[in-house]
Amino acid sequence: MKKQDIQMTVDIVVFTVHEHKLRVLLIKRGISPFKDHYALPGGFVLSKETLDAAAFRELREETGTEDVYLEQLYTFGDPKRDPRGRVVTVAYYALVPAGKSPLRAGTDAASAGWFPVAELPPLAFDHGNIIDYAVTRLRNKLEYSTVGFELLPKKFTLTALQLLHEAILGIALDKRNFRRKILSSGLLAASKEMEITGRKPARLYSFRIPR
């Protein structure tokens, strides 16, 4: 029986929230296969490299984004997912506060940009499935963890927090119920600082547990 060569890649779903929409970072590929198609940042894992190291390297090389929240998502190994041969990818997702890092097109990327998850262009490989899986993971974790705070500045208003939840979940939330639930959770610490928004100042809050 002939031995089959299997190659390993990493792909990263990088999320941010901008203009009240959950967005994902996409790279327009400058090489084949799928040249001129949009794809997730990623690439092959080097022989002496850990998966985490490969993920951070690809982020840095293709986009200039680093020092962000990064979590392993899932392994995708459909034999037909890559026309180059048997390629298994370990997917990650990263959370970047809006405006934290500039984008930089890498050596194999013609351009990069943020796209609303509900308005994605045709994608290379199985990256649409990977993004769907990442969105589901993020929405689920928002209900039982503090992962969403990674997309906020250190201090924020309750309105900003609600808008973040609405952008991720893709639904409108009742203001009174949301505030009652979040304030009773014990996750927030009220500061003495206020932010001028609209007719009256809004109190700033922070996350109790160090991020």
- Yes/no for SER206 being surrounded by 12 or more Cβ atoms within 10 Å (Cβ to Cβ), closer than 21 Å to THR146 by Cβ, within 26 Å of the chain's Cα centre (by Cα) and polar (S, T, N, Q): yes
- Note on the structure: Counting only residues in segment 20-57 that are under 20 Å from ASP126 (Cβ atoms) and among the hydroxyl-bearing types (Ser, Thr, Tyr), the one most open to solvent (accessible area, probe 1.4 Å) is identified as SER32
- Item | Tally of residues being at pLDDT 95 or above and among the aliphatic types (A, V, I, L, M) across segment 74-96 | 4
- Message: Being touching a His at 6+ places or on another chain (Cβ under 7 Å) and touching a residue at least 40 places away in the same chain (Cβ under 8 Å) is the filter here; which residues of segment 167-211 pass it?
- Response: ALA167
- Please tell me if LYS100 is farther than 29 Å from ILE171 by Cα, in a loop (DSSP other than H, G, I, E, B) and open to solvent by 50 Å² or more (accessible area, probe 1.4 Å). no
- Query: Considering only segment 161-185, how many residues are surrounded by 13 or more Cβ atoms within 10 Å (Cβ to Cβ) and among the polar types (S, T, N, Q)?
  - Reply: 1
- When (1) part of a strand (DSSP E or B); (2) polar (S, T, N, Q); (3) surrounded by 19 or more Cβ atoms within 10 Å (Cβ to Cβ) are applied to THR65, the one that fails is (1)
- Task: Could you run through segment 46-71 and say how many residues are touching a Lys or Arg at 6+ places or on another chain (Cβ under 9 Å), aliphatic (A, V, I, L, M) and farther than 18 Å from ALA134 by Cα?
- Result: 1
- Can you tell me how many residues in segment 68-90 are surrounded by 14 or more Cβ atoms within 10 Å (Cβ to Cβ), in a strand (DSSP E or B) and among the β-branched types (Val, Ile, Thr)? 4
- Please find, among ASP5, ASP36, the residue that is at pLDDT below 90, of a type outside the set (Lys, Arg) and over 23 Å from THR136 (Cβ atoms). ASP5
- Note on the structure: VAL13 meets each of (1) under 18 Å from ALA112 (Cα atoms); (2) of a type in the set (A, V, I, L, M, F, W, C); (3) open to solvent by 10 Å² or more (accessible area, probe 1.4 Å) with one exception, condition (3)
- Message: Among the residues in segment 112-127, are any open to solvent by less than 40 Å² (accessible area, probe 1.4 Å) and modelled with pLDDT under 95?
- Response: yes
- Task: Kindly provide the set of residues from segment 186-203 that are in a strand (DSSP E or B), at pLDDT below 85 and open to solvent by less than 90 Å² (accessible area, probe 1.4 Å), ordered by number.
- Result: THR197
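The values are calculated or read from the model by the stated rules, or taken from the named source; none is laboratory data. Please read these numbers as outputs of a predicted model, since none were measured by experiment. No Cβ is skipped: glycine too gets one built from the backbone with ideal geometry, and neighbour counts run over all protein chains shown. Note: areas computed on protein heavy atoms with side chains; ligands, DNA, RNA excluded. Shrake-Rupley method; radii C 1.70, N 1.55, O 1.52, S 1.80 Å.
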